[in-house]
1. Any residue at all in the stretch 43-52 that is modelled with pLDDT of 95 or more and of a type in the set (D, E, K, R)?
2. Only one of these is over 24 Å from residue 1 (Cα atoms), without any contact (Cβ under 8 Å) to a residue 60 or more places away in the chain and either in contact with a Lys or Arg (Cβ under 6 Å, 6 or more places away or on another chain) or not polar (S, T, N, Q) (or both): 110, 26, 103. Name it.
3. Go through the stretch 91-119 and give me each residue that's closer than 21 Å to residue 29 by Cα and part of a strand (DSSP E or B).
4. Just checking, which of 25, 64, 51 is in a strand (DSSP E or B) and among the hydrophobic types (A, V, I, L, M, F, W, C)?
5. Any residue at all in the stretch 71-90 that is surrounded by 14 or more Cβ atoms within 10 Å (Cβ to Cβ), in a helix (DSSP H, G or I) and in contact with a strand residue (DSSP E or B) (Cβ under 7 Å, 6 or more places away or on another chain)?
6. Test each condition in (1) open to solvent by 70 Å² or more (accessible area, probe 1.4 Å); (2) out of contact with any Gly (no Cβ under 6 Å at 6 or more places or on another chain); (3) farther than 16 Å from residue 118 by Cβ; (4) of a type outside the set (Gly, Ala, Ser) for residue 96 and report the one that comes out false.
7. Take the residues in the stretch 35-73 that are touching a residue at least 12 places away in the same chain (Cβ under 8 Å) and among the acidic types (Asp, Glu); name whichever of them is farthest from residue 111 (Cα to Cα).
8. Taking the condition of being within 26 Å of residue 134 (Cα to Cα) and of a type outside the set (A, V, I, L, M, F, W, C), how many residues in the stretch 44-79 meet it?
Amino acid sequence: MTRQAMDDLVEAHFRAEAAGDIPEIVRGFSPDAEHDVAGRPGGPLHGGEQIAGFYAGLLADLRIDRFEPVRRWYGDEHVVDESILHGFADGRPFGHEGRGRPVSTRILHVFDFDDGLITRESAWIDTAAIEQQLAD
């Protein structure tokens, strides 16, 4: 895959997250894709239905405004993206009462690709930063 093709998939994924468009998020994944968030109980998720369920819960708690790019590293069929997520804690993101407050946190994504789709997404989120911002 070209860097441009990888960038296009990642950017479309981030736009869909910011729009809260779960069907569009799922469309970017292969049918048997794996989705993993470091520290999330239960291990990796598989397939569109489980991925959609994760995003439905996440986006109910955390309204994503935008991703601020920091840097990207490329391989033949993968990209590592470091960004700052900017959003609003509308619910209880990561177990912390949000009350609509703004939050920003560093997030590291690793995306694997095949046949023009995401086959695996792995994310590491600085939840300590969110906890600190939402501390009462």
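1. First pass over the stretch 43-52, keeping only residues modelled with pLDDT of 95 or more: 44-52.
If we keep only those that are of a type in the set (D, E, K, R) too, we end up with 49.
Yes, the conditions are met somewhere in the stretch 43-52.
2. On the way: 110 fails: over 24 Å from residue 1 (Cα atoms); 26 fails: over 24 Å from residue 1 (Cα atoms).
Unique residue meeting the criteria: 103.
3. Pass one, the stretch 91-119, residues closer than 21 Å to residue 29 by Cα: 107-119.
Answer for the stretch 91-119, where residues must be closer than 21 Å to residue 29 by Cα and part of a strand (DSSP E or B): 107, 108, 109, 110, 111, 112, 113, 114, 117, 118, 119.
4. Values: 25 fails: in a strand (DSSP E or B); 51 fails: in a strand (DSSP E or B).
So the residue among 25, 64, 51 that is in a strand (DSSP E or B) and among the hydrophobic types (A, V, I, L, M, F, W, C) is 64.
5. No, every residue in the stretch 71-90 fails to be surrounded by 14 or more Cβ atoms within 10 Å (Cβ to Cβ), in a helix (DSSP H, G or I) and in contact with a strand residue (DSSP E or B) (Cβ under 7 Å, 6 or more places away or on another chain).
6. (1)
7. That would be 61.
8. Final tally of qualifying residues: 9.
The values are calculated or read from the model by the stated rules, or taken from the named source; none is laboratory data. Keep in mind it's a predicted model, so treat the numbers as computed, not measured. Note that we place each Cβ from the backbone using ideal geometry, even for glycine, and neighbour counts take in every protein chain shown. To get the accessible areas, we keep the full protein, side chains included, count just its heavy atoms, and leave off ligands, DNA and RNA. Shrake-Rupley method; radii C 1.70, N 1.55, O 1.52, S 1.80 Å.
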